[in-house]
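A.B. asks: Before anything else, here's the structure in question.
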């Protein structure tokens, strides 16, 4: 069925258009039409082309018994474990709160897992040729080319009108038509495009755009042949992307980006140490019997220099960002610097230090999730942490208006706002371990791609590793399975890993025959 359809030019053109629309629509995270229909804030526009592609491409692929990458299997095990734990959680006694019960919450949670799994499956099986992977990465670049000018315009508007609420009426009308956005963003000075809030916007850069661009820039490989002297298109996209990223004033997003940079810096440092050592040895009249101490000395010197540059850049950014974001102003206050000594470590010290950095509520959510896990190490079932939240919330949380509203007036349940504490609280240590095993397998697949002869797979391999490092940090600020960004990259890693393994087998086969 699929083989006959794939020969039809009209069908192939339709699939290609849908694939393009799926990727370029990723920045719109909460389309009003879908949000009203589902009742969820995570309502990406990309869900529409996804649904169509599932019908017109994935179902025929399944009928033809198409092959799935092995990377999918560990995640299916995780889902099975979560399902078993959730089923057993009904024996905990159960809760009924704010019109919700265990079954209702668990059902909603597994729907979000199903949405994420749909993205993951499609992105792991559709681009299973080098041409389709190249096409997908090019579409991601096009998405960035479209997104950057639009958000640059938003930067100019913020410089002129100070806050979003003061934007011209026609701008607000367009935004409201394309995206449901948090009421708190009316008074924000941060760029956030067509996302629900700035942190969701930052996530797009940290998990998709920056990994692809950084991988191309670091390896000096491009998806396009066009170059201007030594510069390639990804260099320009990376620079402009950093400008937009800076005006979104990220904090956890900044840590995620720095984690990716640290990984690249370690690799760059290794190369520099080797080159400097070789240069030094070749200029000595007497050969060295042991070069270890030379390498250590050069490594220490280069590390100090690089750390100094990074620290200077970070302090410079915080100082500049403090001119439009009061959260960064708090970091520069003298009392904050005096409180950096939080030892002896205690929950109260961490909470109140976070309060002084305008990070109070987030830390309360995280600690509550850990306390739930402490009482229920096997988990309370997917989606059910909110039933236990108020019983495990630290007393300091009642100092917050947001948390008092959540406790006494909100008609919805709380969540942990952190993927790691959510996994621990809801799926226990078994589900948490299964999820980490799956991430490790994804990392290994990205490493296999980096050994490929294909430049496209080399770019995707390094991008996959940078994405996974950023994901470890970004997951501290979001706990939704329905957000598509992580599934796009996870799927591409799986697809590229399958292709790299096929290449490796084809290379090994002639050697075995010989």
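A.B. asks: May I ask you to derive the FRET efficiency for residue 281 and residue 10 from their Cβ-Cβ distance with R0 = 60 Å, giving the value to the nearest 0.05? Display every interim value, and only then the final one.
C.D. replies: On the way: r = 64 Å, r/R0 = 1.07.
Here the calculated transfer efficiency is 0.40.
A.B. asks: Once a ≥ b ≥ c are taken as the square roots of the eigenvalues of the Cα gyration tensor of the chain, is the result rounded (a/c under 1.5), prolate (a/b larger than b/c) or oblate (a/b not larger than b/c)?
C.D. replies: rounded
A.B. asks: A follow-up question, please. Using r as the Cβ-Cβ distance of residue 187 and residue 239, and R0 as 30 Å, what FRET efficiency do you calculate, to the nearest 0.05?
C.D. replies: It comes out at approximately 0.50.
A.B. asks: Give me the number: length gained by fully extending residue 356 to residue 294, i.e. 0.36 nm times residue separation minus the C-alpha to C-alpha distance, one decimal in nm.
C.D. replies: 17.8 nm
A.B. asks: Under the rule of -39500 (n - 2.57) per DSSP H run of 4 or more residues, summed and divided by the residues of the chain, what mean residue ellipticity at 222 nm is obtained, to the nearest 500 deg cm²/dmol?
C.D. replies: Using -39500 (n - 2.57) per qualifying helix, the result is -22500 deg cm²/dmol.
A.B. asks: Here is a follow-up. Assuming a ≥ b ≥ c are the square roots of the Cα gyration tensor eigenvalues, decide whether segment 263-323 counts as rounded (a/c under 1.5), prolate (otherwise, with a/b larger than b/c) or oblate.
C.D. replies: prolate
A.B. asks: Also, quick follow-up: Report the gain in length on full extension from residue 166 to residue 267: 0.36 nm times residue separation, minus Cα-Cα distance, nm rounded to one decimal.
C.D. replies: Values: separation 101, 0.36 × 101 = 36.36 nm, distance 4.58 nm.
Using 0.36 nm per residue and subtracting the Cα-Cα distance, I get 31.8 nm.
A.B. asks: Given Cα pairs under 8 Å that are at least 6 residues apart, what percent is the relative contact order of segment 343-412?
C.D. replies: Values: 36 pairs, mean separation 20.2, N = 70.
Averaging sequence separation for qualifying contacts and normalising by length gives 29 percent for segment 343-412.
A.B. asks: For the chain, what's the relative contact order in percent, using C-alpha pairs closer than 8 Å and at least 6 residues apart?
C.D. replies: The value is 24 percent.
A.B. asks: Once R0 is set to 60 Å, what does the formula 1/(1 + (r/R0)^6) return for the Cβ-Cβ distance between residue 333 and residue 132, expressed as a FRET efficiency to the nearest 0.05?
C.D. replies: After rounding to 0.05, the efficiency reads 0.70.
A.B. asks: Determine the relative contact order of segment 183-235: mean sequence separation of Cα pairs under 8 Å and six or more apart, normalised by residue count, in whole percent. Intermediate results must be reported in sequence, preceding the final value.
C.D. replies: Numbers: 26 pairs, mean separation 11.0, N = 53.
Taking the mean separation of contacting Cα pairs over the length of segment 183-235, I get 21 percent.
A.B. asks: Which value in nm describes the separation of the simple spin-label points at residue 246 and residue 310, placed 7 Å from the Cα toward the beta carbon?
C.D. replies: Placing both labels 7 Å along Cα→Cβ, they lie 1.9 nm apart.
Computed from the coordinates by the stated procedures, all read-outs in this text should not be read as laboratory data. A quick note: this is a predicted structure, and the numbers were derived from the prediction, not measured. We place every Cβ from the backbone using ideal geometry, glycine too, and count neighbours over all the protein chains shown.
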